4 protein chains.
Amino acid sequence: MKAYHITSPTGLSALRPVELPEPSPATGQVIVHVRATSLNYRDHMVITGTYGKLHGPLVPLSDGAGEIISVGPSVERWRVGDRVVGLFFQKWATGPLPADAFQHALGHSLPGMLAQYVALPENGVVAIPGHLSFEEAATLPCAAVTAWNALVTRGNIAADETVVLLGTGGVSIFALQIAKMHGARVIITSSSDEKLARARELGADETINYRTTPDWEKAVLDLTDGAGAEHVIEVGGHDTFPKSLYAAAVNGTVYVIGGVGGGFTAEAPLRAFIVRNVSVRGIAVGSRNMHEAMNRAITRNQLKPVVDRVFPFSAAAEACQHLQNGAHFGKVVITI
Amino acid sequence: MKAYHITSPTGLSALRPVELPEPSPATGQVIVHVRATSLNYRDHMVITGTYGKLHGPLVPLSDGAGEIISVGPSVERWRVGDRVVGLFFQKWATGPLPADAFQHALGHSLPGMLAQYVALPENGVVAIPGHLSFEEAATLPCAAVTAWNALVTRGNIAADETVVLLGTGGVSIFALQIAKMHGARVIITSSSDEKLARARELGADETINYRTTPDWEKAVLDLTDGAGAEHVIEVGGHDTFPKSLYAAAVNGTVYVIGGVGGGFTAEAPLRAFIVRNVSVRGIAVGSRNMHEAMNRAITRNQLKPVVDRVFPFSAAAEACQHLQNGAHFGKVVITI
Amino acid sequence: MKAYHITSPTGLSALRPVELPEPSPATGQVIVHVRATSLNYRDHMVITGTYGKLHGPLVPLSDGAGEIISVGPSVERWRVGDRVVGLFFQKWATGPLPADAFQHALGHSLPGMLAQYVALPENGVVAIPGHLSFEEAATLPCAAVTAWNALVTRGNIAADETVVLLGTGGVSIFALQIAKMHGARVIITSSSDEKLARARELGADETINYRTTPDWEKAVLDLTDGAGAEHVIEVGGHDTFPKSLYAAAVNGTVYVIGGVGGGFTAEAPLRAFIVRNVSVRGIAVGSRNMHEAMNRAITRNQLKPVVDRVFPFSAAAEACQHLQNGAHFGKVVITI
Amino acid sequence: MKAYHITSPTGLSALRPVELPEPSPATGQVIVHVRATSLNYRDHMVITGTYGKLHGPLVPLSDGAGEIISVGPSVERWRVGDRVVGLFFQKWATGPLPADAFQHALGHSLPGMLAQYVALPENGVVAIPGHLSFEEAATLPCAAVTAWNALVTRGNIAADETVVLLGTGGVSIFALQIAKMHGARVIITSSSDEKLARARELGADETINYRTTPDWEKAVLDLTDGAGAEHVIEVGGHDTFPKSLYAAAVNGTVYVIGGVGGGFTAEAPLRAFIVRNVSVRGIAVGSRNMHEAMNRAITRNQLKPVVDRVFPFSAAAEACQHLQNGAHFGKVVITI
């Protein structure tokens, strides 16, 4: 079968097409014929070598959607033909994050989804909402569950609250859709007025161009009568973290999710924590329970993930390059 | 000024029009020219003598909306012309329910809103959302805040969850609107197919006629693949409480709010609590903070309260009779 | 091996000694040589036929402690010689109660611990705190975890709060010890002054003899300056449930755990819920995570379970009779 | 009356004794004859000019205990002779931190307690637990309430959990006592073995000398089998914040309270948030409700604050110098 491997992650060229033996299902496993995958910034980090060490060649990508084509002995939950996605964390079913969760994550510790066929335990996949295509479903496991975990599971978002979103990448656009699904107010930033216009079409209430308004945190305070936002989805890291703290309301929360802007070390102005009683919470994707809850909400509200662009399997490196360029709005998909 | 008094609460005839001296504002008080009031089942209980003792003649009704026509010394929050409603609990600003809250509730311990002019402390009123008329705003203080407190403040309702509503009275219809505002699924019961059709127009996902389906709790289980509902807004009391417990999901919550159906003593099947880990929570309207949060959500989402029928001041007793008949859908309003 | 069976649960005589084949460990299983078991009111209900239907002969009792004498293939967590107890719920590891938890509970849906040897999945047992004997450890799985779940996991008990305990059975005495471990105030009831004196020795701050003070809920209010208790551990059911509601503080919680006094149907005075904002929460024992957290606390604070009396294996029926008589203080143990 | 003033806060010499007119009580006020005050690091910052601007001469210090010697009109809660402390936040009664809380804080925005007599609103003081002297009670308003807010109100500390404390200043020693009151495990650091020995006498389970073990966060992991601590009370700021993050358990919380070590700007290693799901919460002292709850716990458990040293009124500057030297263990008190 076709797949990609990373052996020595030193740049996008590390992504090499390979021919691998087709897997067959062990006890409790299903074989998924992967039809579409999606890219996350983490995948970019894995491929370019900034995420962590590899222990031999790795099939990358945490997110993939497909069809079950065979089931191993004792599998009870699935039948051939079921449409599923793989869970980011293969062994986090419910409750708080297990200490060893990252040792069972697709696309880094475990082989990922950029392959024609993958073998997963029956509890490592979840059903795809009926109204979604494989391309759409492939966007869910990492970015959408992360946004859901932050805003809904941990954030208990409600219609009286305001959410600040940084940029228009995968997590931010899902957070926009999930926040609007709960009646909340959304303020979103971007360097592109065109992207901000598209965000408005998706329901964003307020937009800030951070190129023309570099002190966007002050703009957030202005837009909220000085109060700030109850929720800030912090995907930027170094360049945005201190501003995110200042954009948060008294008793508000900043969810630390990524480091797209300048990396994962940031300056923390501690008095901003104390005098405004702000919390910062790390968010590590989410559990199967969260994914399933999100699916119910997506189905009921007929949410459609925003697919920025679909690349063919042969153009996986170009897809990564597209993500690296930051020109996308929503999710970048690779079909298989 | 015109007002109504109850002296001896023994039935709707206890409601007597009276002429009272017009109030003038003490330090920290505002005078509200009441333009509209709304009825709650509690008012009916107060008037008919099933709510509690009176200590002398009482102006009834907790809910009223109007305009500030004068402000006393040291008032800082309001100006003449501001449109406000009175808070149900005059001294519950934030945090959990104070032990003495009911000693400062409008329309029973304190004089209520069924009068042309009322004097209230400046912290005893909140602003009316701009898009609402006085008639619409008058429906908020008791029923809407109760629904908000249950589903949002205590319930943290989310779009993956299901809410069961009993009947189409004030609290239930607000709960329907608030649940849909948060993307949740709503199952509602009524004895009238016509009311159920109207509930569907407001967004209800599923309807159950409890006359033709007396075992409506089983219908709830059927509609949820046996899972039950995460939230049940229990307004019925004696006749519905045990069924509400059975309609709740494992780890679900039944919010005890009223006793419209048969009174406030019910049978509690305790094993239903234990084996399904169900919680029952009493809900006592809500705080000023909750009311203000709800107002933000109402404004942002342009929610319009459902006014069943508007009665003139002179027909207050007819309005109560209309409520007693149970023929209403949403809120019954009396203008002044 | 020796064991007991119930075939037709119609009374304590239903408990019959049998000789059964010794189990051997399947993949992922361990064999526990059971050295001590303990009795819960639920076991009494199972044996006397008031708990639920049996599907064939059943080895009763959820609680047992012993030593691992062999491990099956692929077992990773345990070695021969490890001292363990069985988990009440074999498949509730973490997070909220699973809907199917009771289908995997020892001593009713699954065979129980009143046998010389039992085979359990490796995740179905937890280690015994080092300072406890088998007799002491056998008291933990049902009663202690229930008390921990109520007061700590769900109740977040703190040193400023008051707990009301009904009687001196297993759950109440563990709740007493756990409450005192967290610095809280304990008020306990009993019909025996001698038992109340023993409760005082264990740290109870206040005692009420409910025989001489039948309105014990009023005594609770007196002892708390009218405030009531933040936590009431409701093990009594029919006879005590309404009183427990009245003994609860505004915003307090009644944990529904049992029906020792008059059964599982009780009258619910709904206005007590509403005007005092009281919550009632069903508690169904607890998860492995809760059990392990409790074990850490027990070890650190060197808590010793209170063993009322130890019966030999041959006297299992007498042990049940002793429990039925209600003469015990703490836990009744049967050695094997 | 005698008092101290700061006019130009540029160092400890800024603290100048002055003679001020004795206050008399306005409506709703009480006059407290201050008998003892205590120092917090914040007071040191105020006096040395690193806390914030002054608007004219200021009486410093947030913490003071004394006796009510007169009450103004309409005061209901207090009588002459009542023993009270002032609340750090004069207008935070209950619920979450109000946005304007710091505008009503003693000893900076409002005049403080380093004076013979102070006038405070009747809701601005709380009773002193009966077993405490004025010197002991004067230590409570800032440091003890901060520790209580972090560990109990927000942290829901329980007996299965571990707390890490940095140094032996006021907040840390109260946190030690409060943690032990709830049965938790305490790991404490200091540069002095003598102080660590004293901490052990107070119940600390583990001690780390951070001079001999600069990587104390690794020592915390070693002492917890690699798990880390559920709660870290972060008083150090710049020098300790990143280490505190690494010492926290998966799903643990770091409470940001101070910047004793190197100031309030720190480096935040964001991946430590994400992969371990750690939360950082700012803590701003606490509300009257928290103070009252803490008092109940202190009374019930007969907790005695640890007074390091008592200075006479005339030696206020020496007391501040003593705090600055960092030689103290617990709280530094100034009598009046």
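The numbers here are math on the coordinates, done by the rules we state, and not lab data. These figures come from a predicted structure and were not determined experimentally. Positions of Cβ are generated from backbone atoms using ideal geometry, with glycine treated the same way; all protein chains shown enter the neighbour counts.
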_Within the stretch A:186-196, does at least one residue satisfy the condition of being touching a helix residue (DSSP H, G or I) at 6+ places or on another chain (Cβ under 9 Å), among the small types (Gly, Ala, Ser) and not in a loop (DSSP other than H, G, I, E, B)?_
yes
*Considering each residue of the stretch B:88-125, count those that are within 24 Å of B:Pro312 (Cα to Cα) and assigned to a strand (DSSP E or B), and give that number.*
8
*Only residues that are under 21 Å from D:Trp92 (Cα atoms) and away from chain D (no Cβ under 14 Å): list them for the stretch B:76-107, please.*
B:Leu87, B:Gln90, B:His104
*Pull up the stretch D:84-103, narrow it to residues that are farther than 18 Å from D:Val30 by Cβ and touching a residue at least 60 places away in the same chain (Cβ under 8 Å), then point me to the one that is surrounded by the most Cβ atoms within 10 Å (Cβ to Cβ).*
D:Trp92
*Assuming A:Thr7 fulfils every condition listed in (1) touching a Phe, Trp or Tyr at 6+ places or on another chain (Cβ under 9 Å); (2) more than 21 Å from A:Lys91 (Cα to Cα) apart from one, which condition is it?*
(1)
*In this structure, does A:Asp205 turn out to be surrounded by fewer than 23 Cβ atoms within 10 Å (Cβ to Cβ) and either among the aromatic types (Phe, Trp, Tyr) or in contact with a Lys or Arg (Cβ under 6 Å, 6 or more places away or on another chain) (or both)?*
yes
*asked:* Please verify whether A:Val118 is β-branched (Val, Ile, Thr), closer than 21 Å to A:Trp78 by Cα and touching a Leu at 6+ places or on another chain (Cβ under 7 Å), treating the condition exactly as stated.
replied: no
*Could you list, in sequence order, all residues of the stretch B:38-80 that are hydroxyl-bearing (Ser, Thr, Tyr) and closer than 13 Å to B:Leu114 by Cα?*
B:Ser38, B:Ser62
*Extreme residue, nearest to the chain's Cα centre (by Cα), among residues of the stretch C:255-267 that are within 21 Å of C:Gly286 (Cα to Cα) and either more than 9 Å from chain B (Cβ to nearest Cβ) or not hydrophobic (A, V, I, L, M, F, W, C) (or both)*: C:Gly258
*Go through (1) assigned to a loop (DSSP other than H, G, I, E, B); (2) surrounded by fewer than 24 Cβ atoms within 10 Å (Cβ to Cβ) and name the single condition A:Glu135 misses.*
(1)
*Any idea how many residues of the stretch C:6-47 are of a type in the set (Gly, Ala, Ser), out of contact with any Pro (no Cβ under 7 Å at 6 or more places or on another chain) and within 30 Å of C:Ser74 (Cβ to Cβ)?*
3
*Check D:Leu106, D:Leu120 and return the single one that is buried (at least 22 other Cβ atoms within 10 Å of the Cβ), in contact with a strand residue (DSSP E or B) (Cβ under 6 Å, 6 or more places away or on another chain) and closer than 14 Å to D:Ala284 by Cα.*
D:Leu106
_Only one of C:Ile173, C:Ile157 is crowded, with 24+ Cβ neighbours inside 10 Å, farther than 21 Å from C:Arg309 by Cβ and either in contact with a Leu (Cβ under 9 Å, 6 or more places away or on another chain) or away from every other protein chain (no Cβ under 12 Å) (or both). Can you tell me which?_
C:Ile157
*Scan the stretch B:179-200 residue by residue and report those that are surrounded by fewer than 18 Cβ atoms within 10 Å (Cβ to Cβ) and under 25 Å from B:Ala158 (Cβ atoms).*
B:Arg200
*Of everything in the stretch A:211-254 that's among the charged types (D, E, K, R) and surrounded by fewer than 18 Cβ atoms within 10 Å (Cβ to Cβ), which residue is farthest from the other protein chains (Cβ to nearest Cβ)?*
A:Arg211
*asked:* Checking D:Asn289 against (1) in contact with a Ser or Thr (Cβ under 7 Å, 6 or more places away or on another chain); (2) more than 29 Å from D:Ser192 (Cα to Cα); (3) surrounded by 23 or more Cβ atoms within 10 Å (Cβ to Cβ), only one condition comes out false. Which one?
replied: (3)
*Could you please find all residues in the stretch A:294-323 being away from chain B (no Cβ under 14 Å) and of a type in the set (Lys, Arg)?*
A:Lys304, A:Arg309
*Applying the selection to the stretch C:299-325, what residues are crowded, with 16+ Cβ neighbours inside 10 Å, of a type in the set (D, E, K, R) and more than 21 Å from D:Ala158 (Cα to Cα)?*
C:Asp308, C:Arg309
